[in-house]
Amino acid sequence: MTLGRRERKRQQTADLLTEKAVELFEAHGYEAVTMEQIAAAADVAKGTLYNHFPVKEALLRHYFHQQIAAGAPKIGARLNRTPDVIERIRLVLRHAATWAERHRQYWPHYLHYRLSQSSRSPEERSGLEAVFTMLIGDAQRAGRLRDDRDTATLVHYFQYLYLAAITRWVAMPDTTLEDELMTMLDLFLTGAGKDAA
């Protein structure tokens, strides 16, 4: 979809604000940076900043979603070279874990904000739901996942398991996200029943 001039300008401003915010977070730590400092660094009025992002966590959300979009072509190329449908899911989860580990300091703030949002508009979504829908649908069509449940139902459960794995990783500093996500995937694929082990 092609954006109009107003939407492009709004997107450019949001991207600039996010860029300046992340620079400040990296230099001074997330907690120490104020919204006023972000507005000053971007050379915009405080009202402009608050019009785009009501809280710092919204800037993190925008940054996270930017990074997902930026990484999509690279991960897409790797998926195209990976014929096994389950290995494709593992690949996406490992890619997500690698990126998240490099940004671990932001995740408690992002999760708190993300979990406090009761409803999200399409522009507030990361794009992962579409990726999970493609991967799980492909696995169903390949006969690797059950097809007596529709794809949307499986994706819904998978997303919450994904979020639960991230939440556990954030709460347990000695864990790695890749381990948590691989455990989650194993439970999703085989179940938690004793006979599934």
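The values are calculated or read from the model by the stated rules, or taken from the named source; none is laboratory data. No experiment lies behind these values; they were computed from the predicted model shown. All Cβ positions, glycine included, derive from the backbone under ideal geometry; neighbour counts span all protein chains shown. Surface accessibility is based on the protein's heavy atoms, side chains included, excluding ligands, DNA and RNA. Shrake-Rupley method; radii C 1.70, N 1.55, O 1.52, S 1.80 Å.
Consider Ala27 carefully, then state whether it is part of a loop (DSSP other than H, G, I, E, B) and surrounded by fewer than 17 Cβ atoms within 10 Å (Cβ to Cβ). Spell out the reasoning first.
Details: part of a loop (DSSP other than H, G, I, E, B): no; surrounded by fewer than 17 Cβ atoms within 10 Å (Cβ to Cβ): yes.
Answer is no for this residue.
Taking Arg8, is it under 30 Å from Met134 (Cβ atoms), without any contact (Cβ under 8 Å) to a residue 40 or more places away in the chain, part of a helix (DSSP H, G or I) and under 19 Å from the mean Cα position of the chain (by Cα)?
Taking the combined requirement at face value, the residue does not satisfy it.
Out of (1) open to solvent by less than 60 Å² (accessible area, probe 1.4 Å); (2) over 30 Å from Phe53 (Cβ atoms), the odd one out for Ala165 is which?
(2)
Got a sec? Which of His62, His95, His109 is of a type outside the set (A, V, I, L, M) and surrounded by fewer than 18 Cβ atoms within 10 Å (Cβ to Cβ)? Walk me through how you get there before you give the answer.
Values: His62 fails: surrounded by fewer than 18 Cβ atoms within 10 Å (Cβ to Cβ); His109 fails: surrounded by fewer than 18 Cβ atoms within 10 Å (Cβ to Cβ).
Unique residue meeting the criteria: His95.
One line per residue, one yes/no per condition, for (1) surrounded by 12 or more Cβ atoms within 10 Å (Cβ to Cβ); (2) modelled with pLDDT under 95; (3) out of contact with any helix residue (DSSP H, G or I) (no Cβ under 9 Å at 6 or more places or on another chain):
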| site | (1), (2), (3) |
| --- | --- |
| Lys74 | no, yes, no |
| Ala77 | no, yes, yes |
| Ser116 | no, yes, no |
| Ser121 | no, yes, yes |
| Val131 | yes, yes, no |
| Leu145 | yes, no, no |
